[in-house]
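Quick one: the structure is below, and I'll ask about it shortly.
The values are calculated or read from the model by the stated rules, or taken from the named source; none is laboratory data. From a predicted model like this one, the values you see are computed outputs, not experimental measurements. Glycine also receives a Cβ, built like all others from the backbone with ideal geometry; neighbour counts cover every protein chain displayed.
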There are 2 protein chains.
Amino acid sequence: MILLCNDDGFNAEGLRALRKELLALDDVMIVAPETEQSAMGHAITLNQPLKVRKVEEEGEFIGYAVNGTPADCVKLAITVLLDEPPKLVVSGINLGGNLGICALYSGTVSAATEAMVMGVPSIAVSLDTYENPDFIPAAKFARKFIPQLLKKGLPDGVVLNINVPPVPESEFVGVAITRQGKSRVIEEFDRREDPRGRTYYWLAGEMLFEETEEGADCVMIAKKYISIAPIHFDLTHYPSIDKLKDWKIEL
Amino acid sequence: MILLCNDDGFNAEGLRALRKELLALDDVMIVAPETEQSAMGHAITLNQPLKVRKVEEEGEFIGYAVNGTPADCVKLAITVLLDEPPKLVVSGINLGGNLGICALYSGTVSAATEAMVMGVPSIAVSLDTYENPDFIPAAKFARKFIPQLLKKGLPDGVVLNINVPPVPESEFVGVAITRQGKSRVIEEFDRREDPRGRTYYWLAGEMLFEETEEGADCVMIAKKYISIAPIHFDLTHYPSIDKLKDWKIEL
């Protein structure tokens, strides 16, 4: 059984396109947030209860909607809701790319990471557009890729962050194994006043592409490659350990 | 000027203990969440406006409370609220350790990471207890450590995740430069019924210490060392790149 999660919510088009394709491979169960949870990062819910809604459509049980974050959904699915662990967790298909530094903020990526923390192989899939998304090419790629993935087996503790360019299948140039790029959103905040004259801010800002190096996810996707970046959850910057030891920090 | 943030909220005791000590070093400004934001991970707020409350205490302007996440606070502070970038962001002092895999869920750590993404040096400080916390030894350590840190300069893109054992200063064994450990919380969900008979779940679970290796943050803190783990925000698992290239993934 394949478990689907996302951060755009149970009824999101990207999730449904993925389900439709993956049903050709295996049983599929959805455990996804009741409502949109974009940019939730690796948030988990400690201070309120999680409610679970069993979802049937056309008489068929297709999964559970949870009033929590993407990481909550994965925890609850694997710990409580599923009878047996899934063979794979697929998170997505996200509306919008999760490239460069933006992977940090992504609920989609965090759901996949959470699965791997719990020992379940996982991938995140995102479509790099917000406008007129067609999820079908990305969903079809997932369907073709997953059997290859299950046959090879993911390296221990490694999650794949897959980003798909928003083009028809025939225009995919290829599959590129990439690293997380350095591109990031440069923040801008719109400053406004509410009807009572109080200031508030909306986060805006545009992606700044800071590099041109082949091998960065954001570079390869711009060239219409499907980008697959292996990521992990050990945040340690190992080269700094010896440098910091030389500081001889005093108590 | 030093910018303080946290995930326990503007009025949290750990933040205030830190402010008191760091005022001996420099000007200090607080930009922190209005309410508790524990376990928010690297969430940012896209779909609602951020409101900012200017806080004065005893006639003194001490900072801003924001109705957002820790990462929101740092973004808003550096982009809009502060006249000039801080020389350092200090996030904490968190109530509870951010050790092992738990660093992923931590709003405290994410606030520090967000600062470094924006190019501002930063550290996260956490006190490894939830019971009868005495933040003063950790705050005093921060006061002593920060001048050493500013003199040496952090490696580019590296954040320090500092965890302090809950003991009096005289019982600190030393400072250990560590890596993120493998320990994690093993989930349990309490299953309950609401007054209308509907099921809900509360996340529970205990930290499972899976290792004994010297050098892991969770191991050294148990030995009463102050743990300093250098972390970064490049999630790429570089050793897997060549392995995945060998898969020769088909389109």
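With surrounded by 15 or more Cβ atoms within 10 Å (Cβ to Cβ) and under 25 Å from the mean Cα position of the chain (by Cα) as the only criterion, which of B:I221, B:I249, B:I241 stands out?
On the way: B:I249 fails: under 25 Å from the mean Cα position of the chain (by Cα); B:I241 fails: under 25 Å from the mean Cα position of the chain (by Cα).
Just one listed residue meets the conditions, B:I221.
All but one of (1) over 20 Å from A:D8 (Cβ atoms); (2) of a type in the set (V, I, T); (3) at pLDDT 95 or above hold for A:T212; which doesn't?
Of the numbered conditions (1) over 20 Å from A:D8 (Cβ atoms); (2) of a type in the set (V, I, T); (3) at pLDDT 95 or above, the odd one out for A:T212 is (3).
Here is a yes/no grid of residues against (1) within 12 Å of the chain's Cα centre (by Cα); (2) closer than 18 Å to B:G41 by Cα:
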{"site": "A:A65", "(1), (2)": "no, no"}
{"site": "A:G97", "(1), (2)": "yes, no"}
{"site": "A:G100", "(1), (2)": "no, yes"}
{"site": "A:G107", "(1), (2)": "yes, yes"}
{"site": "A:A111", "(1), (2)": "yes, yes"}
{"site": "A:S126", "(1), (2)": "yes, no"}
{"site": "A:I146", "(1), (2)": "no, no"}
{"site": "A:K151", "(1), (2)": "no, no"}
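Exactly one of (1) surrounded by fewer than 22 Cβ atoms within 10 Å (Cβ to Cβ); (2) modelled with pLDDT of 95 or more; (3) closer than 30 Å to B:K140 by Cα; (4) of a type in the set (V, I, T) is unmet by B:I228. Its number?
(1)
Here's the yes/no breakdown for (1) surrounded by 18 or more Cβ atoms within 10 Å (Cβ to Cβ); (2) at pLDDT 95 or above; (3) within 12 Å of chain A (Cβ to nearest Cβ):
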| residue | (1), (2), (3) |
| --- | --- |
| B:D128 | yes, yes, no |
| B:D134 | no, yes, no |
| B:K151 | no, yes, yes |
| B:P155 | no, no, yes |
| B:F172 | no, yes, yes |
| B:T178 | yes, yes, yes |
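Residues checked against (1) assigned to a helix (DSSP H, G or I); (2) more than 17 Å from B:M116 (Cα to Cα):
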| residue | (1), (2) |
| --- | --- |
| B:R16 | yes, yes |
| B:A43 | no, no |
| B:K51 | no, yes |
| B:V74 | yes, no |
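Being among the small types (G, A, S), in contact with a Lys or Arg (Cβ under 8 Å, 6 or more places away or on another chain) and outside any helix (DSSP H, G or I) is the filter here, so list the residues in region A:113-154 that pass it.
Our first condition is that a residue be among the small types (G, A, S); within region A:113-154, this holds for A:115, A:119, A:122, A:124, A:126, A:138-139, A:142, A:153.
Adding the requirement that they be in contact with a Lys or Arg (Cβ under 8 Å, 6 or more places away or on another chain) leaves A:139.
Passing the criteria: none in range.
Considering only residues that are farther than 20 Å from B:S38 by Cβ and either within 8 Å of chain A (Cβ to nearest Cβ) or out of contact with any strand residue (DSSP E or B) (no Cβ under 8 Å at 6 or more places or on another chain) (or both), which ones fall in region B:180-193?
B:R191, B:R192
With the checklist (1) in a loop (DSSP other than H, G, I, E, B); (2) more than 9 Å from chain A (Cβ to nearest Cβ); (3) of a type outside the set (V, I, T) in hand, flag the one item B:W247 doesn't pass.
All conditions are met except number (2).
Pick from region A:157-170 the residues that are of a type outside the set (V, I, T), in a loop (DSSP other than H, G, I, E, B) and more than 11 Å from every other protein chain (Cβ to nearest Cβ): which of them is farthest from the chain's Cα centre (by Cα)? Break it down into steps so the answer makes sense when it comes.
Here is the first cut: in region A:157-170, the residues of a type outside the set (V, I, T) are A:157, A:160-161, A:163, A:165-166, A:168-170.
Retained after the next criterion (residues that are in a loop (DSSP other than H, G, I, E, B)): A:157, A:165-166, A:168.
Retained after the next criterion (residues that are more than 11 Å from every other protein chain (Cβ to nearest Cβ)): A:165-166, A:168.
Values: A:P165: 15, A:P166: 16, A:P168: 21 Å.
Filtering first and then ranking leaves A:P168.
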